[in-house]
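The values are calculated or read from the model by the stated rules, or taken from the named source; none is laboratory data. Computed from a predicted structure; not experimentally measured. FYI the Cβ positions are ideal-geometry reconstructions off the backbone, even for glycines, and counts take in every protein chain you see. What goes into the accessible areas is simple: the full protein's heavy atoms, side chains included, and nothing from ligands, DNA or RNA. Shrake-Rupley method; radii C 1.70, N 1.55, O 1.52, S 1.80 Å.
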Amino acid sequence: KDQWSATQNGTYWAAARLLEEVKYEKEKSKKSGIKRKASTNNENPAKKTKHRAEATILIHRINAVQGVPENIVYDTCPQLVTKIKDFLQRDGMMKVTLSDGLGGVNASSLNSFLAGKGQDQCGNKVYPLAYVFFEKLRILEGKTKTSARLKNEVERPYGFSLKKERAGNKWFLIGSRFLS
């Protein structure tokens, strides 16, 4: 094979075109004097620190609320995921701050709970902790219970299950014998 045998390959021509575009953009930016900015965030660091401090104070105020039962959950996992994502949109709020507010929950547990679909994360320890946290937040803010929450209380007076159904743990009665 010689040096020109690769020119019949479409990948070669695509890579050559890309390299030429990069080279052209680099020369163009040198001529116009445009430089990359170090940071695209215009917020100053003191303001960020202030927002983080306010978020930490809010977490402490929420955890100071008393009178919430800790063994009954009336929200579904998707409802709590929505509440968590909305809460993380507040100024200065980060996953680390929230996981500390939930009782030092591991970040991987929080991430797997947020990534779960339906009720498949009901066995995750974040589920009851997040429910209690957001119930305390609701009480702190003086909000009423949502219609979905009231519906869940009527349909499930003992709350949602905190154990995940495992495949393979089913017992079947055939005749007079049990099969697993």
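Here are some notes:
- Residue in region 17-36 that is among the aromatic types (Phe, Trp, Tyr), at pLDDT 70 or above, over 30 Å from Glu141 (Cβ atoms) and open to solvent by less than 100 Å² (accessible area, probe 1.4 Å) present: no
- One residue stands out in region 69-95 among those that are aliphatic (A, V, I, L, M) and surrounded by fewer than 16 Cβ atoms within 10 Å (Cβ to Cβ): the one that is nearest to Leu150 (Cα to Cα), namely Leu88.
- From the options Val73, Val132, Val96, Val68, residue that is of a type in the set (A, V, I, L, M, F, W, C) and in contact with a Phe, Trp or Tyr (Cβ under 6 Å, 6 or more places away or on another chain): Val73
- Candidates Leu98, Leu114, Leu110, filtered to the one that is open to solvent by 20 Å² or more (accessible area, probe 1.4 Å), without any contact (Cβ under 8 Å) to a residue 60 or more places away in the chain and closer than 26 Å to Lys48 by Cα: Leu114
- Residue match in region 169-179 (condition: open to solvent by 40 Å² or more (accessible area, probe 1.4 Å), at pLDDT 90 or above and hydrophobic (A, V, I, L, M, F, W, C)): no
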